[in-house]
There are 2 protein chains.
Amino acid sequence: MTDMVPPPSPLLDRIMAIVGPRGILTGEDVTARSCDPFRHVPPGSPAIIRPASSEELSRILALCHDAGQPVVTHGGRTGVAGGAMAGTDDLVVSLERMTKIIEIDPVTQTAIVEAGVTIEAVQNAAAEHGLLYPIDLGSKGSATVGGTIATNAGGNRVLRWGMTRPNVLGLEAVLADGTIVDLMNRFLKNNTGYDLKQLFIGSEGTLGIVTRAVLRLAPLPTTQNVAFIAVPDYSSVLELLTSARSMQQLSAFEVMWRDYYAVIAKHDPQRCPLAADQKYYVLVETMGMDETADEQAMQGFLEKAFEDGLIADAVTASSLKQVQDLWRIREGSELLVKEMGPFISFDISVDIRRAEEFVDTVYHQLDAQFSFFKAISFGHLGDSNIHIGVHIGPDTIAREAEIEDVVYGVVRQFGGALTAEHGIGTAKRDHLPSHITAQALETMVRIRNALDAERILNRKMMF
Amino acid sequence: MTDMVPPPSPLLDRIMAIVGPRGILTGEDVTARSCDPFRHVPPGSPAIIRPASSEELSRILALCHDAGQPVVTHGGRTGVAGGAMAGTDDLVVSLERMTKIIEIDPVTQTAIVEAGVTIEAVQNAAAEHGLLYPIDLGSKGSATVGGTIATNAGGNRVLRWGMTRPNVLGLEAVLADGTIVDLMNRFLKNNTGYDLKQLFIGSEGTLGIVTRAVLRLAPLPTTQNVAFIAVPDYSSVLELLTSARSMQQLSAFEVMWRDYYAVIAKHDPQRCPLAADQKYYVLVETMGMDETADEQAMQGFLEKAFEDGLIADAVTASSLKQVQDLWRIREGSELLVKEMGPFISFDISVDIRRAEEFVDTVYHQLDAQFSFFKAISFGHLGDSNIHIGVHIGPDTIAREAEIEDVVYGVVRQFGGALTAEHGIGTAKRDHLPSHITAQALETMVRIRNALDAERILNRKMMF
């Protein structure tokens with residue numbers, strides 16, 4: 001695989017001296033990779049540097065810093081905001097050789113890992129000790145601990161366990177100038193100075209490269225109950241959510257607008273246990289430790305909801321197979337592609353009291369702006385997070401900016417968030433200044449300048 | 001109360017023009033206050049400035065910034081790390097007139113408040129909507145939202161709901177130069193740029209003054225079950241903790257070393273339901289929503305623990321009165337004062353696998369260093385947090401530095417944390433550099449310089 005010919009650059013020569021031939025990919029080993037999970041966008045970078053340790057990375061970044069060489073960091077390259085895009089002036093650094101699971105401890109319920117390890121590998125190792133690393137992503141087989149920390153990844157179970165941020169107790173990061181900052185805290189409580197790790201979580205690799213982490217684990221749930229519910233109106237969805245929150249086992253509350261459910265029902269009717277004649281479809285999931293009590297809790301929740309007239313119809317599942325089948329309704333992105341062709345996807349947060357009005361307004365304005373459109377809406381409503389997909393015909397991609405202007409205009413009008421969980425990357429960089437205050441942006445610039453005045457790290461990301 | 005005579009300073013004159021006479025305290029209104037919750041330490045500051053709004057505070061800080069006038073922020077002044085200490089060169093700013101609860105919303109389960117409101121006032125307002133703000137502090141009647149955000153306050157129920165940090169969704173802060181930064185996010189998920197609020201949480205007012213906040217609320221538990229347990233050895237304590245963690249209702253796991261329990265039993269035997277003949281005493285609490293299931297969970301936990309031989313003796317409580325009585329064992333600080341006289345208290349985190357060895361080592365080294373000592377140990381073991389009180393006789397306070405050198409030496413040896421929840425303030429400032437790496441300290445300095453190069457805010461705090 002590896003091109004053994006020394007690359008034709010004094011900087012790369014010096015880097016080669018640090019990492020050895022296994023530590024540099026060039027040629028087809030670079031161009032065969034993609035910076036985008038959906039289409040092939042090879043890195044423009046002449047090489048991919050693969051340090052084997054924090055110390056190697058530190059020396060590499062010190063060289064790049066001295067040379068003014070911009071660096072783009074690659075994790076699992078599963079992000080959808082263009083955070084892995086690398087141009088010809090960039091040098092890509094990947095931590096794919098730093099995948100050690102250093103320790104899983106069942107007493108402190110922590111994992112110590114290198115940043116290149118995948119989420120799935122951590123979860124599998126934790127499960128052997130009866131523990132859960134609760135970040136739940138479709139891409140968990142590729143997404144890395146480092147990448148998910150850099151992007152503060154979310155997923156389906158944020159309602160219960162939070163995004164990546166609260167699940168990271170400590171980390172080690174290498175700054176743009178090569179300084180290694182050891183913040184490998186293992187404690188739930190530690191107020192010894194600024195909590196610097198928070199700087200690196202969610203800053204998309206612009207303030208430092210995360211090389212190791214201490215993760216907080218949870219007891220592995222032994223029960224999983226799912227209800228799939230047809231709901232006649234939005235106020236009933238909100239009442240259901242409030243009621244569901246009283247179940248301490250609640251682990252997901254996913255809402256699908258009828259347009260979403262109808263697409264799944266059209267292309268794979270087998271998947272859909274309920275008629276597509278209601279306005280909303282809700283997937284409620286609990287995960288717990290007590291089979292009887294957890295099943296009773298879900299049954300009690302559903303009975304009360306029926307009595308209160310919140311539910312048109314519902315099915316439940318508790319076997320793994322049935323549970324997976326119900327989740328497949330929510331995870332029907334391949335059917336969306338089939339129905340919608342090219343579409344622009346949005347990942348916004350909005351005040352859930354106004355989410356119905358928000359989506360209606362988006363559709364109304366798309367209708368006013370374009371001669372034709374199709375849209376689907378769904379999301380992690382328990383987290384305020386809605387995903388919308390918009391298609392306006394064959395020129396959907398060409399007119400992406402117009403579609404974004406419509407949707408983000410409504411987001412601003414409703415005081416929503418530009419991105420809930422996908423991040424800014426390169427894709428939303430131009431939109432950021434119109435979704436936060438000038439004072440907030442200026443403060444972000446001050447922080448970035450304090451740690452990377454030369455903009456060595458992920459130069460084109462975020463702002 | 002308010003001294004209406006204009007204070008004799010051009011800067012104070014200008015501030016008076018902003019805040020009006022109610023906005024400035026001078027003379028006895030200043031000296032009657034204390035910067036320390038345990039002994040009377042009046043502020044040296046000639047005045048206490050009390051802005052009525054973020055805008056007033058912004059104008060005040062802009063003036064102070066221009067004049068190079070250092071500012072010390074006062075919340076409820078309940079902190080025990082000297083974070084409210086103000087010298088004659090300082091000007092004290094208090095947000096005590098900014099106490100509005102702007103909104104409590106049961107659908108999004110959020111509270112929007114001004115920073116001067118007390119934790120108790122927020123909790124009472126939330127409870128009216130069936131909601132809980134879960135930060136649990138003995139000082140909650142005085143401690144403010146702003147002060148607890150600045151210090152990332154912890155307390156008894158961190159194991160379940162986390163410290164202050166994860167319970168803050170958004171905030172507004174005023175920077176040293178008067179810039180108002182609006183970060184009033186209301187969403188569980190928001191990756192729109194750096195999560196700047198994290199900078200202000202736990203930075204003890206050195207990066208900005210928090211003026212408003214969006215707090216995350218939880219459904220108010222309706223059940224509370226407490227078990228008070230005598231445990232023969234430390235390995236059984238750890239097994240109990242792992243077992244207790246499987247109860248999703250678990251809200252506290254407090255451990256008292258025998259020396260602590262013996263003091264309570266000596267001075268108030270009525271308070272103590274179990275003989276003081278075991279090595280450890282554990283208070284396990286659950287809070288939930290289902291009376292039957294929650295009581296069964298606690299009973300099942302205890303029965304299994306008895307079967308496994310982890311427990312010497314135990315009592316349980318579920319009525320409010322009984323629950324409070326058992327908590328009074330853990331909250332016996334007035335009896336500690338009676339027994340110990342003056343003592344130096346420590347608030348450290350340590351790997352719980354080695355907590356017994358850690359405490360034994362501390363005692364051993366105190367014994368080697370001093371001709372006489374008494375110590376008590378207890379803490380939030382579920383959070384890795386141990387409090388130790390040390391008395392070495394009448395010169396305990398005079399020899400504080402020697403006692404600290406012994407204890408903090410062992411903390412370093414065990415890789416523990418200098419402070420778990422109390423913070424650095426002025427009290428631990430000199431110890432900070434020997435408990436974090438030089439690179440971490442340098443990074444903190446870079447961040448502080450980026451936001452407050454002139455060191456206007458809490459100049460003497462932290463580092």
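The values are calculated or read from the model by the stated rules, or taken from the named source; none is laboratory data. All figures in this text were calculated on a predicted structure; none of them were measured in a lab. Methodologically, a virtual Cβ is constructed for each residue, glycine included, from the backbone with ideal geometry; neighbour enumeration extends over all protein chains shown.
Within segment A:355-373, none of the residues are at the interface with another protein chain (Cβ under 9 Å from one of its Cβ atoms), out of contact with any Cys (no Cβ under 9 Å at 6 or more places or on another chain), among the small types (Gly, Ala, Ser) and crowded, with 23+ Cβ neighbours inside 10 Å. Residue check: residue A:419 meets all listed conditions (1) under 30 Å from residue A:248 (Cα atoms); (2) touching a Phe, Trp or Tyr at 6+ places or on another chain (Cβ under 8 Å) but one, namely (2).
A quick yes/no check of all residues on (1) in a strand (DSSP E or B); (2) of a type in the set (A, V, I, L, M, F, W, C); (3) within 24 Å of residue B:462 (Cβ to Cβ):
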residue: A:156; (1), (2), (3): no, no, no
residue: A:169; (1), (2), (3): yes, yes, yes
residue: A:173; (1), (2), (3): yes, yes, yes
residue: A:181; (1), (2), (3): yes, yes, yes
residue: A:188; (1), (2), (3): no, yes, yes
residue: A:206; (1), (2), (3): no, no, no
residue: A:221; (1), (2), (3): no, no, no
residue: A:238; (1), (2), (3): no, yes, no
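Which of (1) surrounded by 14 or more Cβ atoms within 10 Å (Cβ to Cβ); (2) more than 14 Å from chain A (Cβ to nearest Cβ); (3) not hydrophobic (A, V, I, L, M, F, W, C) is the odd one out, the single condition residue B:380 does not satisfy? Every condition holds for residue B:380 apart from (2).
In the set (1) assigned to a helix (DSSP H, G or I); (2) among the charged types (D, E, K, R); (3) closer than 24 Å to residue B:215 by Cβ, residue B:66 fails one condition alone, (3). Restricting A:125, A:121, A:153, A:143 to those that are facing another protein chain (nearest Cβ under 10 Å) and within 23 Å of residue A:94 (Cβ to Cβ) reduces the list to A:153.
Within segment A:180-203, being of a type in the set (Phe, Trp, Tyr) and at the interface with chain B (Cβ under 7 Å from one of its Cβ atoms) holds for A:187, A:194.
Taking the listed residues A:261, A:281, the one that is part of a helix (DSSP H, G or I) and either of a type in the set (D, E, K, R) or crowded, with 21+ Cβ neighbours inside 10 Å (or both) is A:261, with no other qualifying. A Cβ distance below 8 Å, combined with a sequence gap of six or more or placement on separate chains, defines the contacts here; from segment B:444-456, residues that are more than 10 Å from chain A (Cβ to nearest Cβ) reach residues that are outside any loop (DSSP other than H, G, I, E, B) and not acidic (Asp, Glu) in the pairs B:454/B:65; B:455/B:448; B:456/B:61; B:456/B:64; B:456/B:65; B:456/B:71.
Residue A:98 fulfils the conditions (1) of a type in the set (A, V, I, L, M); (2) more than 20 Å from residue A:216 (Cβ to Cβ); (3) within 11 Å of another protein chain (Cβ to nearest Cβ) except for a single criterion, (3).
Conditions tested, residue by residue: (1) more than 30 Å from residue A:241 (Cβ to Cβ); (2) at pLDDT below 95; (3) within 22 Å of the chain's Cα centre (by Cα).
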| residue | (1), (2), (3) |
| --- | --- |
| B:65 | yes, no, no |
| B:77 | yes, no, yes |
| B:83 | yes, no, yes |
| B:93 | yes, no, yes |
| B:124 | no, no, yes |
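Taken over segment B:213-248, the criterion of being surrounded by 20 or more Cβ atoms within 10 Å (Cβ to Cβ) and among the β-branched types (Val, Ile, Thr) is satisfied by B:214, B:226, B:229, B:231, B:237.
Here residue B:112 fulfils each of the conditions (1) in a loop (DSSP other than H, G, I, E, B); (2) within 14 Å of another protein chain (Cβ to nearest Cβ); (3) hydrophobic (A, V, I, L, M, F, W, C); (4) within 23 Å of residue B:57 (Cβ to Cβ) apart from (1). Within segment A:97-131, the set of residues being surrounded by fewer than 19 Cβ atoms within 10 Å (Cβ to Cβ) and acidic (Asp, Glu) comprises A:103, A:105, A:120, A:128. Does residue B:60 fit the bill of being more than 22 Å from residue B:452 (Cβ to Cβ), outside the structural domain of residue B:167 (by TED's automatic domain parsing), crowded, with 19+ Cβ neighbours inside 10 Å and in contact (Cβ under 8 Å) with a residue 24 or more places away in the chain? Considered against the rule, which asks whether it is more than 22 Å from residue B:452 (Cβ to Cβ), outside the structural domain of residue B:167 (by TED's automatic domain parsing), crowded, with 19+ Cβ neighbours inside 10 Å and in contact (Cβ under 8 Å) with a residue 24 or more places away in the chain, residue B:60 comes out as no. Candidates are the residues of segment B:345-354 that are buried (at least 21 other Cβ atoms within 10 Å of the Cβ) and in contact with a helix residue (DSSP H, G or I) (Cβ under 8 Å, 6 or more places away or on another chain); the one that is farthest from residue B:392 (Cα to Cα) is B:352. Of all residues in segment A:419-440, exactly one satisfies the criterion of being more than 7 Å from chain B (Cβ to nearest Cβ), without any contact (Cβ under 8 Å) to a residue 24 or more places away in the chain and of a type in the set (A, V, I, L, M, F, W, C), namely A:438. Just one residue in the set B:179, B:151, B:192 is closer than 28 Å to residue A:218 by Cα, touching a residue at least 40 places away in the same chain (Cβ under 8 Å) and either in the same structural domain as residue B:382 (by TED's automatic domain parsing) or out of contact with any Pro (no Cβ under 6 Å at 6 or more places or on another chain) (or both); that residue is B:151.
Determine which member of the set B:248, B:278, B:299 is over 23 Å from residue B:155 (Cβ atoms) and within 14 Å of chain A (Cβ to nearest Cβ).
B:299
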